[in-house]
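The values are calculated or read from the model by the stated rules, or taken from the named source; none is laboratory data. From a predicted model like this one, the values you see are computed outputs, not experimental measurements. When we count neighbours, we look across all protein chains shown, and the Cβ atoms used for this are built from the backbone with ideal geometry, even at glycine. Ligands, DNA and RNA are excluded from the accessible area calculation, which covers all protein heavy atoms including side chains. Shrake-Rupley method; radii C 1.70, N 1.55, O 1.52, S 1.80 Å.
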Amino acid sequence: MAGGGGGGVSPLGPAPPMWYHRDLSRAAAEELLARAGRDGSFLVRDSESVNGAYALCVLFQKHVHTYRILPDDEGFLAVQTSQGVQPKRFKTLPELVSLYLQPNQGLVTTLLYAVDREETAVTDDRDYSDGEDEKPPLPPRSASTSTPPGPETPTESPLAANGLSTISHEYLKGSYALDLEAVKQGASSLPHLNKTLVASCKRLNGEVDKVLSGLEILSKVFDQQSAFMVTKMIQQSVNQGGDQELENLVTKLAILKDLLSSIEKKALKALQDMSLSSPCSPPPFSMRHSKAIPVQAFEVKLDVYLAELTKIGKSQKYTLSVDVEGGRLVVMKKVKDNQEDWTTFTHDKIRQLIKSQRVQNKLGIVFEKEKDKSQRKDFIFASAKKREAFCQLLQLMKNKHSNQDEPDMISIFIGTWNMGSVPSPKSVASWVLCRGLGKTLDEMTVTIPHDLYVFGSQENSVCDREWVESLRAVLKEQTELDYKPIAVQTLWSIKLAVLVKPEHENRISHVGMSSVKTGIANTLGNKGAVGVSFMFNGTSFGFVNCHLTSGNEKIARRNQNYLDILRLLSLGDKQLSSFDISLRFTHLFWLGDLNYRLDMDIQEILNYINRKEFEPLLKVDQLNLEREKNKVFLRFAEEEISFPPTYRYERGSRDTYVWQKQKATGMRTNVPSWCDRILWKSYPETHIVCNSYGCTDDIVTSDHSPVFGTFEVGVTSQFVSKKGLPKSSEQAYIEFESIEAIVKTASRTKFFIEFYSTCLEEFKKSYENDSQSSDNVNFLRVGWSNKQLTTLKPLLSEIEYLQDQHLLLTVKSVDGYESYGECVLALKSMIGSTAQQFHTYLSHRGEETGNIRGSMRVRVPAERMGTRERLYEWISVDQDETSGPKGKSTMMSRVGHEQSVVRKQLGELGKVNEEGEKNCKEENAARSKQDTPDGESSIGKNSFNNPAYYILEGVPHPSAAELLSSPTSPTAPPVKAPPPSAGARTKPPPAASGPAHSRRTVVAGHPARGVSEESSSEDDGGGATLAGAQGGGIGGTVGSTLNRPPPDFPPPPLPKGALETAAAEAQLGKPRSLYPDLAEVRIPPAGPAGPLVMGDGFRRGAAGALDDQSCSVLQMAKTLSESEFPGQPPRAPSAPPPVRAPTIGILDACRTFPPRNPIPESIAEDMPEEALWGSSSSSLSVGESSVGEWLQRLGLERYEQGLLHNGWDDLEFLSDITEEDLEEAGVLDPAHKQILLESLRQQQQQQK
């Protein structure tokens, strides 16, 4: 209920009226009124901006007008009025509404038609886990470390006090009368009340005894007198009961109070006396370092260039030995007669590690030679896992021997496990060591301790203290470190425990905890979530462990559970109450038993699992499908799943899935599913890499397998300026030139923007927007010019400080002060003397509500420009390997919901969908080879005034072919795009193939599933750039700028006929522009909507509701809208287009907003023939004829993986391959070896 009424009267009257919709969101209220469609339709909901207030929403002339209803100090309600106008006050909400049902009361229209709420009948859904009994479990009897009862734990509920309040009710209903009668007869005591109090305090009595027992041990060491009293008291309490039991409890509480207040002082005095009388003792175990990391050796091959191959004949074998403790890397080469030639490099002589994006087991190492000279050597490891282990060890070595006082990067273990209401086995070592199935850590690195361990559990019947101590014992056994628990939060059997390395304990601050119930009627805690948040130095972290509604068919309930948790979980900075928890933290991790299932026949599922084919199952995974529709986990990321479903196993085994269970209502089917998941969401331009994601295969006590994930996360320190506070001449400024937002709303009120950041002393507000327009009733475009936007002054002006800061924006209405959308921007890419453009999406309550773009700059004075390289920047991704080691490359480490910064080449064009991926090999040869001149870069600005923008979700729209059938200007300049740079390979890596939901976004060289996230290189609707185009894409080239987004909008989708025609013309040597100038595309006038056309691969699961699969307005805008800001020069034409055109159905282009990068494009291999010999092209380059294509032509494609695994990824490289090399790559058949060698010889002769 939103607020209290005056004089003890409920503000809602005797019963809540039907037009009162409680905590209905603003967007949902507008949808209900739009559906009503009649002027004068109204409803009342709770205000989103003021607790205890209401919002009266009225529909008039297709616009929604919102009036705030505020309570005064006396509890009376009144509609907020203009200054000077006397408000009319009412005791209850129905009285207030009844006045405005009369005409001429000052509203925009009379209230005529109440829009009633839809009452959902409370059905006996039995929302319990599939493995539980028919009755919900009682809360555990263990002590809880939850926060005190808040809004999410109502104290008036009988269950809120764990059933004990029932005893008090029974006394007031029955025994109270007996005590009253006894008093009337002259009794001086109340035996029944005493009995009630004793029963109510029974648990408290037990807990006090436990605490006193612990203090007794400390007292025996530090205070003998107190110890004697405690022992005596405990002994006396054993045999006491009845009337003396309550008195005894009070006495024990008094002694406990005295002990707690004095024990620390007495212990301090005792230790001081000991220190004076005894020699220095060794430090306690918790302060000792973990066991030393042994020297690890890696067998590798040197990846040499073609010119060197002609001399050597084959790859050379090396051994790389990493001595973490000594800070050395030994590079040993095996030479003739079993002799060895070795070189030692200290940690400071290793300048950079460069990961190959295409060859997952290849790594470049840049060594420092004499006087600023460096040398790069590329090595091929036995596997990608070995490469990652080597990088992790070198990072650990760098960190260990760094001069920095504070870490740049930490490692986090996250585990989730539904324990099935039974205790865990004696050992869960495989869980904490990430051993099992899926993406696991290499054995060389599994025992390296992580900085943070986060354990989420569901259906955990173990008491909190015992559970935490068991986890600490496991960690101590494996790491020899005594990890410190910094937070434990419990809701019934849902627990979240966070433990930290002893050395980091003082770096943790601002710890917060919260819980939300989502069980039946949101009052039972058998389902729900617990959360923990804290600061690690200057970086904020949030962790949520949830257990959502079970049942194959209850997708909508699970979605609502998620939205409730997102809105109600009280974590993080209280000043950020306008933002949901997905925007309050630098890094938010969401784990638990999400209970999403697979929509497929059980027998098909079992067949795929037996064959270890998970891709078809992931296509029908309910969580993936809901994320693609932006229903849940907006812009979260999840690592690729490569382990079998973790539910529902037969207990005691991991060989059998139990998929049928007899219930009272009949036989219930629980198909094997990935119920247990770990997702995350991070601020843009931050560093986070998932190094492992899998499940154990040897913990069998539950019907769920424990899931683990490990993350490498960049952190910032509490920055201290060496130059002190900035003077006025040295002050940095954050300046905005303009901002424009598209908001999904039927309101026509004015808006302002609030700016929040840890780098600001307090939040700042803009003035009201000075431009506003709309071509559709459901959307509003609002703009702020420079004079409406305030200049922000950061607390510190150092660039090293500012490049780690982020700015949170929320667009709020003037009438209700409610948020219509929030976003986050990274300052890092905005630093400079010239303004940079940003563009990102707006969201509110977990739903996408619009987008925002603008132009800004962060001016940093020259005196404050000094910076340093972070440890995580030491490893980069080789995006364009033809560039060679010309300097330090800037590593891209950007994930989550990122804004798109416009430092663009307008030609960087292209968006690849599933069909495009399948046909990629055939289309590669048809790509244009004309480069875009470096000077042809331009910044284009767009706005949304195209009527095609306003196509409602769930409403059918014209097909792609229909949209393009209208004539275009014959003189329209073609949209141009640069081809791949010379020698660029365009074959997608194996990891990039497959459906959209499993495509990986490369983050700092690690592929990660980003179903609902856009790539860091996006801009206004851009997709993946063409391979190597101007050095674009993720990771950047050596010496490249931080990011190079694609163009403002992807081209509209083409009919298949157009693509076929283009392909035919390409073969005839007549390439032409497939896309007319986007500004010239005519949109058909509004009329009867045509049928909804699904793009290839868009529908992934079982048939669902049409509106679930339809394209959202915001997404359509990205594909179809193209216009200029007023007063801006027209967009400059860019380079000629590639002939290859990705066949994007309009829905494929619209799945997210802004559209995400569909696949990580291929990159060039080191030093191809063109770079070595200066030739313009090569008939054998992988970009035009790859190893895979060559093997496919010979019918020997089965050997592709083995050849690539051993580093034979280039046909030029293969030209000198030997039979021995072929055998090492798995080619054992003599006939097949002969075919391959003969084919290579023929190709060499053709070249001559």
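A few notes on this one:
- Checking S747, S774, S757 one by one, the residue that is at pLDDT 95 or above and surrounded by 14 or more Cβ atoms within 10 Å (Cβ to Cβ) is S757 and no other.
- Residues being of a type in the set (K, R), farther than 19 Å from Y872 by Cα and crowded, with 16+ Cβ neighbours inside 10 Å - total across the stretch 349-375: 1
- Pairs linking a residue in the stretch 436-449 that is surrounded by 21 or more Cβ atoms within 10 Å (Cβ to Cβ) and at pLDDT 95 or above to a residue that is part of a strand (DSSP E or B) and of a type in the set (G, A, S), with Cβ atoms under 7 Å and 6 or more positions apart or on different chains, are G436/G694; G438/G694; K439/S692; K439/G694; T440/S692; T440/G694.
- Residue that is least open to solvent (accessible area, probe 1.4 Å) [pool: residues in the stretch 541-589 that are polar (S, T, N, Q) and within 20 Å of V500 (Cα to Cα)]: N545
- Per the conditions (1) open to solvent by 40 Å² or more (accessible area, probe 1.4 Å); (2) modelled with pLDDT under 70, the sole criterion not satisfied by S226 is (1).
- Filter result (part of a helix (DSSP H, G or I) and surrounded by fewer than 16 Cβ atoms within 10 Å (Cβ to Cβ)) within the stretch 1225-1234: P1230, A1231, Q1234
- If you go through the stretch 754-785 and keep only what is of a type outside the set (F, W, Y) and assigned to a strand (DSSP E or B), you end up with E754, K764, K765, S771, Q772, S773, L780, R781, V782, G783, S785.
- Boolean, E480 is more than 18 Å from S570 (Cα to Cα) and touching a helix residue (DSSP H, G or I) at 6+ places or on another chain (Cβ under 9 Å): yes
- Residue identified as touching a Cys at 6+ places or on another chain (Cβ under 8 Å), among the polar types (S, T, N, Q) and either over 30 Å from E48 (Cβ atoms) or touching a residue at least 60 places away in the same chain (Cβ under 8 Å) (or both) among S797, S843, S833, S855: S843
- Checklist (1) without any contact (Cβ under 8 Å) to a residue 12 or more places away in the chain; (2) closer than 17 Å to T749 by Cβ applied to Q61, failing item: (1)
- For the stretch 786-803, a tally of residues being within 20 Å of F763 (Cβ to Cβ) and assigned to a loop (DSSP other than H, G, I, E, B) returns 8.
- Subset of the stretch 182-202 that is within 53 Å of the chain's Cα centre (by Cα) and aliphatic (A, V, I, L, M) - its residue that is surrounded by the fewest Cβ atoms within 10 Å (Cβ to Cβ): A199
- Checked against (1) more than 20 Å from G821 (Cα to Cα); (2) modelled with pLDDT under 95, E48 passes all but condition (1).
- If you go through the stretch 397-424 and pick out every residue that is part of a strand (DSSP E or B) and either farther than 15 Å from E459 by Cα or of a type in the set (D, E, K, R) (or both), you end up with 6.
- Residues that are assigned to a loop (DSSP other than H, G, I, E, B) and among the basic types (K, R), drawn from the stretch 653-690: R654
To keep it simple, each residue is scored yes or no on (1) in contact with a strand residue (DSSP E or B) (Cβ under 9 Å, 6 or more places away or on another chain); (2) acidic (D, E); (3) more than 21 Å from G1202 (Cα to Cα).
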| site | (1), (2), (3) |
| --- | --- |
| R358 | yes, no, no |
| K362 | yes, no, no |
| I365 | yes, no, yes |
| K369 | yes, no, yes |
| D378 | yes, yes, no |
| A382 | yes, no, no |
| E388 | yes, yes, no |
| L394 | yes, no, yes |
| M397 | yes, no, yes |
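- Residue count for the stretch 590-630, restricted to those that are open to solvent by 30 Å² or more (accessible area, probe 1.4 Å), of a type in the set (D, E) and not in a loop (DSSP other than H, G, I, E, B): 2
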